[in-house]
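What follows is a single structure, written as structure tokens, with notes after it.
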Amino acid sequence: MKGIEEFDLEKALSASGSKQNGYLKVAIKPDGSWVCIPVMAVCGKEEGPVLLVDGCHHGNEYEGAEGIIRVARELDPVELKGTFIGVPALNLDAFAIGERVSPIDFSHMDLNRAYPGKSDSFITSHIAKTYMDNFVKRADYLISFHGGGNYLYLESLVAYQPPADEIGRISQKMAKAFGVEVLWRLQDLPFGGVLLQEVQKVGVSAITPEIGGQCVRHPDRWKYVEVCSTGIKNVMKSVGMLEGSLTQVGNQIDVKLVYIHSQAGGIHVPIKLPKEMVRKGEVLAKVTDVFGETVGEIKAPFDGVVIGYWSYPVIQPGNWSYLFGELLK
């Protein structure tokens, strides 16, 4: 693999019929090492679209990263039409210590709240700007992986851009092709700076699979890595980069997702389970104190379906308790 000094991203992406790995430099650290972005570039023999796939905006969301690595290593440039750009760990410093945000960012900024980024700001914002300028603007399509990390259990789902224009309609088709049961129409988010929203402004159709959670080395990890790698290949087939039929799933549901916060801190006791249909006002979870007395309840704000929940035993006041979906027609 080419080292930081030798890797030329421009050259790697213009080398037809090749596979190259390396690091793009972003900024130098006090110890002389670099903040950098790892790249796995696979350039097909034939011309075609550019698909960009990233993982680990949040450093503790690993399943997508491992899915990207698997696909990049399996791809044969002879069979590929176009270019696959894999970025398995965009937030590499956070990835290295298994934390959501970078340990060297004084602001503790969340990378997926930092777009479109600034080169003269905190390092997380600088990474966002570098990623937009050097990667996103080369892409025709984008898959940006997320997951539950250490804290959440999630039912596998794929977020897509609202289909109000052609970019969004292509995004919705990509989400359906990816191959999981739950589709999330991304709208009315309570925060800004999200990559999926920002890339729509520059004409890139994108999806965000939210796959896995409770990142430990248990056997289910491979199930989620398989979902990620199969989903990438499904999308590649759907846009004409690979030959073959898509792996199908059962009935897909379309939801608008809301984050429900706990007002009380204590022991978090989930009651409703993933994909369970719940009526408005039913109790999703309760929070108890260390004596077992209930100090709070989290209730369904409307009729909907459980998508995920806080998986640590202890929850702080204000933290996410449940991810809850309103079914869309």
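Counting only helices (runs of 4 or more DSSP H) wholly contained in region 165-245, the ones carrying 1 or more residues that are of a type outside the set (Ser, Thr, Tyr) and more than 19 Å from ASP54 (Cβ to Cβ) occupy 166-178, 220-238.
Look at VAL42 and say whether it is among the β-branched types (Val, Ile, Thr) and either on the phi > 0 side of the Ramachandran plot or touching a Phe, Trp or Tyr at 6+ places or on another chain (Cβ under 8 Å) (or both).
Spelling it out, VAL42 is indeed among the β-branched types (Val, Ile, Thr) and either on the phi > 0 side of the Ramachandran plot or touching a Phe, Trp or Tyr at 6+ places or on another chain (Cβ under 8 Å) (or both).
Can you confirm whether region 90-105 contains a residue that is part of a loop (DSSP other than H, G, I, E, B) and closer than 30 Å to GLY244 by Cβ? Looking for residues that are part of a loop (DSSP other than H, G, I, E, B) and closer than 30 Å to GLY244 by Cβ, one finds at least one in region 90-105, hence yes. Considering SER321, SER238, SER311, the condition of being under 19 Å from the mean Cα position of the chain (by Cα) and not aromatic (Phe, Trp, Tyr) is satisfied by SER311 alone. Among the residues of region 275-295, those identified as farther than 22 Å from ILE211 by Cα and either at pLDDT below 95 or part of a loop (DSSP other than H, G, I, E, B) (or both) are ARG279, LYS280, GLY281, GLU282, ASP289, VAL290, PHE291, GLY292, GLU293. Determine whether SER262 is of a type outside the set (A, V, I, L, M) and buried (at least 21 other Cβ atoms within 10 Å of the Cβ). Answer is yes for this residue. Condition check: touching a Gly at 6+ places or on another chain (Cβ under 6 Å), under 25 Å from VAL204 (Cα atoms), in contact (Cβ under 8 Å) with a residue 12 or more places away in the chain and of a type in the set (A, V, I, L, M). Does ALA139 satisfy that? Against the criterion (touching a Gly at 6+ places or on another chain (Cβ under 6 Å), under 25 Å from VAL204 (Cα atoms), in contact (Cβ under 8 Å) with a residue 12 or more places away in the chain and of a type in the set (A, V, I, L, M)), ALA139 does not qualify. Determine whether region 296-307 contains at least one residue that is at pLDDT below 95 and under 23 Å from the mean Cα position of the chain (by Cα). Within region 296-307, none of the residues are at pLDDT below 95 and under 23 Å from the mean Cα position of the chain (by Cα). Report yes if some residue within region 227-248 is buried (at least 18 other Cβ atoms within 10 Å of the Cβ), in contact (Cβ under 8 Å) with a residue 40 or more places away in the chain and at positive phi; otherwise report no. Taking every residue of region 227-248 in turn, none turns out to be buried (at least 18 other Cβ atoms within 10 Å of the Cβ), in contact (Cβ under 8 Å) with a residue 40 or more places away in the chain and at positive phi.
Comparison of GLY192, GLY149, GLY179 shows that the only residue that is small (Gly, Ala, Ser), in contact with a His (Cβ under 7 Å, 6 or more places away or on another chain) and in the same structural domain as ALA41 (by TED's automatic domain parsing) is GLY149.
Has region 317-329 got at least one residue that is modelled with pLDDT of 95 or more and basic (Lys, Arg)? No: region 317-329 contains no residue that is modelled with pLDDT of 95 or more and basic (Lys, Arg).
Look at (1) touching a residue at least 40 places away in the same chain (Cβ under 8 Å); (2) touching a Pro at 6+ places or on another chain (Cβ under 9 Å); (3) under 21 Å from PRO38 (Cβ atoms) and you find that LYS129 fails only one, number (1). Take the residues of region 66-89 that are part of a loop (DSSP other than H, G, I, E, B) and charged (D, E, K, R): which is farthest from CYS36 (Cα to Cα)? Per the criteria, the residue is GLU79.
Quick one: in region 146-164, which of the residues that are hydroxyl-bearing (Ser, Thr, Tyr) and either in contact with a strand residue (DSSP E or B) (Cβ under 6 Å, 6 or more places away or on another chain) or not in a loop (DSSP other than H, G, I, E, B) (or both) is surrounded by the fewest Cβ atoms within 10 Å (Cβ to Cβ)? That would be TYR153.
Count of region 114-123 residues, restricted to those that are buried (at least 17 other Cβ atoms within 10 Å of the Cβ) and either part of a loop (DSSP other than H, G, I, E, B) or within 17 Å of the chain's Cα centre (by Cα) (or both), is 5.
The values are calculated or read from the model by the stated rules, or taken from the named source; none is laboratory data. All of these numbers come straight from a predicted model, not from anything done at the bench. Glycine gets a Cβ as well: all are built from the backbone with ideal geometry, and neighbour counts include every protein chain shown.
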